[in-house]
Amino acid sequence: MARIVFDLDGTLIDSAPDIHGIANALLAEEGIDPITLAQARDFIGNGAAVFVKKMRLACGIPDSEQDRLHEAFVGRYDDAVNLTVPYPHVEAALKALKAEGHILGICTNKPIRPTHAVLKHLKLDGYFDTFWGGDSLPTHKPDPAPLFAAFEALGDGPMLYVGDSDVDAGTAVNAKVPFLLFTEGYRKQPVAEMPHDVAFSDFADLPGIVAQMLVDAA
Ligand SMILES: O=C(O)COP(=O)(O)O
Ligand SMILES: [Mg+2]
């Protein structure tokens, strides 16, 4: 039985359309032209404050607006659920992993309130025993502290971390835990350039990959 911790945006769920939506609603309120979906996807990964910073830079909005826009962005974030979908076969994979006796957790840089909101909306919250957001601790990924906190909350057993981005790969390196890279999320580098133990493109393969990794590690 393993402890398996998952990243959220770009790993379990394709949330970029909703994050794009709240970003553009905010920009419209400011009288500023919208960003593209590709830009929004590119800005995701280091949490809400960095998203807002990258959005500001792209739109020519000065640093002095950071705190106000960050607050406004986070204020809209709980509603960012309607355009978000899990990647194919995610729920079946979570169900299969639970049936094998594994215990599952979430470690995301998304703030914790919208993390709960979107998982509840998608009826995926019940699969997880612990949730750590980008604002749950003073530091966030790639600092390993929230990942360690997630594993600690799950008790004992081998540790596996599943994520999609360079931030996740860096977190796994910093934490020295095996990393499973989902290749279809929001990564910016070629797979070969990202440190990982196993790469996969379909969640239908994940239960088998986990079983094999545990056999290999035994
Ligand atoms: O919200 C973000 O910027 C990233 O979220 P993630 O850590 O779930 O990929
Ligand atoms: Mg991610």
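The set of residues from region 174-194 being without any contact (Cβ under 8 Å) to a residue 24 or more places away in the chain, of a type in the set (A, V, I, L, M) and surrounded by fewer than 22 Cβ atoms within 10 Å (Cβ to Cβ) comprises 191, 192.
Look at residue 215 and say whether it is out of contact with any Phe, Trp or Tyr (no Cβ under 7 Å at 6 or more places or on another chain), within 15 Å of ligand 2 (Cβ to nearest atom) and part of a helix (DSSP H, G or I). No, not satisfied.
Based on this model, can you work out whether residue 137 counts as modelled with pLDDT of 95 or more and buried (at least 19 other Cβ atoms within 10 Å of the Cβ)? Considered against the rule, which asks whether it is modelled with pLDDT of 95 or more and buried (at least 19 other Cβ atoms within 10 Å of the Cβ), residue 137 comes out as no. Here residue 46 clears all of (1) under 14 Å from the mean Cα position of the chain (by Cα); (2) in the same structural domain as residue 154 (by TED's automatic domain parsing) except the condition numbered (2). Could you please let me know if residue 46 is in contact (Cβ under 8 Å) with a residue 24 or more places away in the chain and either within 16 Å of ligand 2 (Cβ to nearest atom) or in contact with a strand residue (DSSP E or B) (Cβ under 8 Å, 6 or more places away or on another chain) (or both)? Yes.
Scanning region 3-23 for residues that are more than 10 Å from ligand 1 (Cβ to nearest atom) and acidic (Asp, Glu) returns 14, 18. Filter region 195-212 down to the residues that are in a helix (DSSP H, G or I) and either free of Cβ contacts under 8 Å to residues at least 60 places away in the same chain or aromatic (Phe, Trp, Tyr) (or both) and list them by number. Selection gives 203, 205, 208, 209, 212. Of the residues making up region 164-172, none is surrounded by fewer than 18 Cβ atoms within 10 Å (Cβ to Cβ) and outside any strand (DSSP E or B).
The values are calculated or read from the model by the stated rules, or taken from the named source; none is laboratory data. Worth saying up front: this structure is predicted, and the values here are computed from it rather than measured. Quick reminder, even Gly has a Cβ in these numbers, built from the backbone with ideal geometry, and neighbours come from all protein chains shown.
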